[in-house]
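Data first, discussion second: the structure below is written as structure tokens.
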Amino acid sequence: MPDTHALLSASAAKRWLNCPPSARLTENMPDTASEYAAEGTLAHALGELKVRKKFEIMKKSVYDKTLKELKADPLYSPEMDGYTDSYLDYVAAIMHSFKNKPYIAIEKRLDYSHIAPGGFGTGDCLIMCGGELHIIDFKYGKGVPVSAEDNPQLKLYALGAVREYELLYDIQNITLHIVQPRTDDGNSSWTITRAALDEWGESIKLVAQLAYDGKGDFKCGDHCRFCKAKSTCRARADFMLSEAGFSSLPPELLSDDELGKVLERARLFANWLSDVENYALNAILSGKTITGFRAVEGTSRRKITDIDGAFEVLKANGYDEAVLYERTPLGITDLEKLIGGKKKLTELIGGFIEKPQGKPTLVPADDKRPDYKQDINKIFGGNNND
């Protein structure tokens, strides 16, 4: 997988399209490595290997050697096999949906510099046949569901792919796919016509040029979540600390409309505060001084370093083994890790697994999930047979 990134990378498109000067502002800031990112990189490599083995010519010895190396990584777990199998199955389903054999490109570098100066990225998987193009992006994260609908990252990939293959394929319809198997109903797809895609590309050229030049206005929003300057950005701080902006307030109570505005601002403020706190703690630990704050030791829990040795001592002192142990079955997540992923577990004991209705959760109005509907059985305390 490529190690270099374009200034106007596709993965950061949502940010620089909404806040153009952030591209240059964060250009020389170091990436913050995390175990989650490293785990995602490993999963991508495993998924790529499986797709290549399935649809390209690869010697078994090469596959086995590479697979062994990937599984030797400390971040590898059996559940990763199950989730990457789901990615392979998704790709295979699209490949087999055509009457004629389609063309597939895996981990393809795509140049969209005709839209965004210096812009390029890597598409996880491209499939083409006739006038159809499929862009498939594998995401291993489980915290934030990503939708394929109107996704700027995938649309930039599509613009690069159309330009790359336009002499070979008369592409007229492009379907964008997100495969995110670690989230509930995480897979999504969305189709856009070639004409609409080209129109969108033309519409962002000026913004892309502003971003490349480091110009334009700073703008805060959800796109700040993955910005490297999110903790110290003055524009974000000014926005969060500014007045709510209500022209008039009722004497005692907020209206529902005003309350919605408060919630919207408060959610952004909470995310920003968390970012600032994390930055301040890391700064203090690295030797810097943050006026008015210091780092102290938090609460910790006692633990037994050698459970077998400790219990042998207790049994030798007259305590019955039966009262020292509790038989606790593994949960679904641990069973998935043990057996090799969600797909395999479902095949074996799917008839014994149910997913109860989740608790109602407050989200912004543009959230893609359907509205919460109360389970009628819960309302009447049992099955409703009337």
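To keep it simple, each residue is scored yes or no on (1) farther than 21 Å from Asn187 by Cα; (2) outside the structural domain of Gly119 (by TED's automatic domain parsing).
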{"residue": "Pro20", "(1), (2)": "yes, yes"}
{"residue": "Thr41", "(1), (2)": "no, no"}
{"residue": "Glu48", "(1), (2)": "no, no"}
{"residue": "Val62", "(1), (2)": "yes, no"}
{"residue": "Lys65", "(1), (2)": "yes, no"}
{"residue": "Lys71", "(1), (2)": "yes, no"}
{"residue": "Pro74", "(1), (2)": "yes, no"}
{"residue": "Tyr90", "(1), (2)": "no, no"}
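Looking at region 17-39 only, could you name the residues that are of a type in the set (Gly, Ala, Ser) and surrounded by fewer than 17 Cβ atoms within 10 Å (Cβ to Cβ)? It would help to see each step written out before you state the result.
In the first step, residues of region 17-39 are kept if they are of a type in the set (Gly, Ala, Ser); the result is 22-23, 33-34, 37-38.
Those that are of a type in the set (Gly, Ala, Ser) and surrounded by fewer than 17 Cβ atoms within 10 Å (Cβ to Cβ): Ala33, Ser34, Ala37, Ala38.
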Practice prompt. Can you give me the number of residues within region 63-88 that are among the acidic types (Asp, Glu) and either free of Cβ contacts under 8 Å to residues at least 40 places away in the same chain or outside any helix (DSSP H, G or I) (or both)?
Written response: 3
Item to complete: Restrict the check to region 20-33 and report whether at least one residue is in contact (Cβ under 8 Å) with a residue 60 or more places away in the chain, out of contact with any strand residue (DSSP E or B) (no Cβ under 8 Å at 6 or more places or on another chain), closer than 22 Å to Tyr157 by Cα and hydrophobic (A, V, I, L, M, F, W, C).
Response: yes
Practice prompt. Answer yes if at least one residue in region 183-195 is free of Cβ contacts under 8 Å to residues at least 40 places away in the same chain and part of a helix (DSSP H, G or I), and no otherwise.
Written response: yes
Discussion item. Checking the condition touching a strand residue (DSSP E or B) at 6+ places or on another chain (Cβ under 6 Å), exposed (fewer than 14 other Cβ atoms within 10 Å of the Cβ) and touching a residue at least 40 places away in the same chain (Cβ under 8 Å), which residue from Arg52, Arg109 passes?
Written reply: Arg109
Discussion item. Regarding region 152-164, can at least one residue be identified that is of a type in the set (Val, Ile, Thr) and either in a helix (DSSP H, G or I) or in contact (Cβ under 8 Å) with a residue 60 or more places away in the chain (or both)?
Written reply: yes
Discussion item. Can you list residue pairs whose Cβ atoms sit under 6 Å apart, with the first residue in region 335-363 being farther than 19 Å from Gly47 by Cβ and the second being in a loop (DSSP other than H, G, I, E, B)? Count only pairs 6 or more apart in sequence or on different chains.
Written reply: Gln357/Asp375; Pro360/Tyr372
Item to complete: Would you mention how many residues in region 149-183 are touching a helix residue (DSSP H, G or I) at 6+ places or on another chain (Cβ under 8 Å), under 19 Å from Lys108 (Cα atoms) and not polar (S, T, N, Q)?
Response: 12
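The values are calculated or read from the model by the stated rules, or taken from the named source; none is laboratory data. In this text the structure is predicted, and so the values were computed from the model without any measurement. Because the Cβ atoms are built from the backbone with ideal geometry, glycine has one as well, and the counts that use them run over all protein chains shown.
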